[in-house]
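First the structure, in the form of structure tokens, and then the observations on it.
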Amino acid sequence: MIRRPPRQRGGSQEGPNLLDLTPRREVTWEQGDDGNVTLVRERPRVRSPRSLGRWVSFMMAPPRIRLDDVGSYAWLLMDGSTDVRELAELVGAQFGDRVEPVGQRLGHLIRVLRRERFVSYAELD
């Protein structure tokens, strides 16, 4: 068995810089009359015991996720051609001081969306 070295806290981390990655939408979504976006979770297929965990997680989570106006604006820009650095600039220009620190807030949003498999990165996936 090959073991990976443990991650070190602080200092430089291996891997790509989040700002250079290009998120793209991977799920069905709807835009309401107010402009806010609702994401629709897709039911996972159970093919093995490993995917059974995904199914249980799906059953315990809400089937639809409604984004606020900032998240909806960012979601609409995640088209697979705009990198995170550009997204941060556009979101900052649109919402100003309300979203500061924009890099941290946008990074958190994108990490959560990726963990939930709502977005993927064009460069990695």
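The values are calculated or read from the model by the stated rules, or taken from the named source; none is laboratory data. Fair warning: this is a prediction, and the values are worked out from it, not measured in the lab. Reconstructed Cβ throughout: ideal geometry from the backbone, glycine too, with neighbour counts over all protein chains shown. For the accessible areas, the whole protein counts, side chains as well, though only heavy atoms, and no ligand, DNA or RNA atoms are used. Shrake-Rupley method; radii C 1.70, N 1.55, O 1.52, S 1.80 Å.
Taking first residues from the range 22-36 that are in contact (Cβ under 8 Å) with a residue 12 or more places away in the chain and under 11 Å from Leu67 (Cβ atoms) and partners that are in a strand (DSSP E or B) and open to solvent by 80 Å² or more (accessible area, probe 1.4 Å), the Cβ contacts under 8 Å between residues at least 6 apart in sequence or on separate chains come to Asn36/Arg66. Candidates in the range 104-123 are the residues that are outside any helix (DSSP H, G or I) and open to solvent by 90 Å² or more (accessible area, probe 1.4 Å); of these, the one that is farthest from Pro16 (Cα to Cα) is Arg117. Which of the residues spanning the range 62-103 are touching an Asp or Glu at 6+ places or on another chain (Cβ under 8 Å) and in a loop (DSSP other than H, G, I, E, B)? Within the range 62-103, just Asp83 meets the criteria. Checked against (1) under 20 Å from Arg111 (Cβ atoms); (2) surrounded by fewer than 11 Cβ atoms within 10 Å (Cβ to Cβ); (3) among the hydroxyl-bearing types (Ser, Thr, Tyr), Ser57 meets all criteria but (2).
One residue stands out among those in the range 86-109 that are β-branched (Val, Ile, Thr) and at pLDDT below 95: the one that is farthest from Leu67 (Cα to Cα), which is Val102. Pairing each residue of the range 72-87 that is closer than 14 Å to Leu18 by Cα with any residue that is assigned to a helix (DSSP H, G or I) and open to solvent by 60 Å² or more (accessible area, probe 1.4 Å), provided the two are 6+ apart or on different chains, yields C-beta distances under 9 Å for Thr82/Leu90; Asp83/Leu19; Asp83/Asp20; Val84/Leu19; Val84/Asp20; Arg85/Leu19; Arg85/Asp20.
The sole residue among Arg105, Arg115 that is under 13 Å from the mean Cα position of the chain (by Cα) and free of Cβ contacts under 8 Å to residues at least 24 places away in the same chain is Arg115. Exactly one residue out of Asp69, Asp79, Asp33 is out of contact with any His (no Cβ under 6 Å at 6 or more places or on another chain), within 17 Å of Arg114 (Cα to Cα) and among the acidic types (Asp, Glu), and it is Asp79.
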